[in-house]
Ligand SMILES: O=C(O)CCC(=O)C(=O)O
Ligand SMILES: [Fe+2]
């Protein structure tokens, strides 16, 4: 079965409905981010568990962000940094076999540009949508996380298995609350390029579905209900923390497979502020063990 595409062919919509209850627009709708989140946008997100805002960042901003990430990478590689505030940096190989950092936490603490960009007024409606008191947690949880998926030999992060982001809350010893993950996409990724897959409506399942619908992070298979989130550089996506999603590996190799995203640390409550003395949370030890296991199996297969 072919994965459906979430956001093709339907024109962007930004006009609010004039009638009472907001209409739920087709799953293929791409929206424009305006000064307010419209009733249709709220209804769409509530119904499907995700939403896409078209090209919220302009081409020059996308380029600048990518450059800032390269600079942070160069600095961290030069320092031999393995983690930031207790959170491991995923380190793999790049297209030329060079060391390549693939998950970079707390990036807004290392770039003034990124720190400022996160606070740009255009994101205000999104911040308020999450909760009136939502703050930007530069130093909390994993901070502003940059992901760089790449499909080359030695890549540490070509794909990501099925999960919900809410599970993380359990490791902080609290029940998952409504949380929205806000991601900025730097690359053009069509369904046939791999990329983000979500199960629409899965945020509405009960606790059993939340815990056991898939084997967290280990299952990678296509789901009959999944849709592909296709992105253009600068697109902003929101997904509910309880929505099941994964990142499909690119069928391309080398630079053609590069997929970069930035996840905003919008938090509705205060978490402990992290610093160089912070401890690694348990779930990152599990992740580390999984990645080490994969490296061993890759070597055995070779
Ligand atoms: O790369 C993405 O778009 C999603 C990454 C993700 O799901 C995660 O880091 O939890
Ligand atoms: Fe996720």
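The values are calculated or read from the model by the stated rules, or taken from the named source; none is laboratory data. Note that the structure is a prediction, hence the values are computed from the model and not measured. Glycine also receives a Cβ, built like all others from the backbone with ideal geometry; neighbour counts cover every protein chain displayed.
Worth pointing out:
- Residue 158 vs. criteria over 23 Å from residue 49 (Cα atoms), surrounded by 19 or more Cβ atoms within 10 Å (Cβ to Cβ) and at pLDDT 95 or above: yes
- Checking residue 291 against (1) more than 16 Å from ligand 1 (Cβ to nearest atom); (2) surrounded by fewer than 21 Cβ atoms within 10 Å (Cβ to Cβ); (3) more than 25 Å from residue 28 (Cβ to Cβ); (4) in contact (Cβ under 8 Å) with a residue 12 or more places away in the chain, the condition it does not meet: (1)
- Test result for residue 165, in a loop (DSSP other than H, G, I, E, B) and at pLDDT 95 or above: no
- Restricting attention to the stretch 99-109, the residues being crowded, with 17+ Cβ neighbours inside 10 Å, over 18 Å from the mean Cα position of the chain (by Cα) and within 25 Å of residue 255 (Cα to Cα) number 1.
- When the residues of the stretch 171-209 are filtered to those that are touching a strand residue (DSSP E or B) at 6+ places or on another chain (Cβ under 6 Å) and at pLDDT below 95, the one that is surrounded by the fewest Cβ atoms within 10 Å (Cβ to Cβ) is 181.
- Every residue from the stretch 227-286 that is within 16 Å of ligand 2 (Cβ to nearest atom), in a loop (DSSP other than H, G, I, E, B), under 13 Å from the mean Cα position of the chain (by Cα) and crowded, with 20+ Cβ neighbours inside 10 Å: 229, 243, 244, 265
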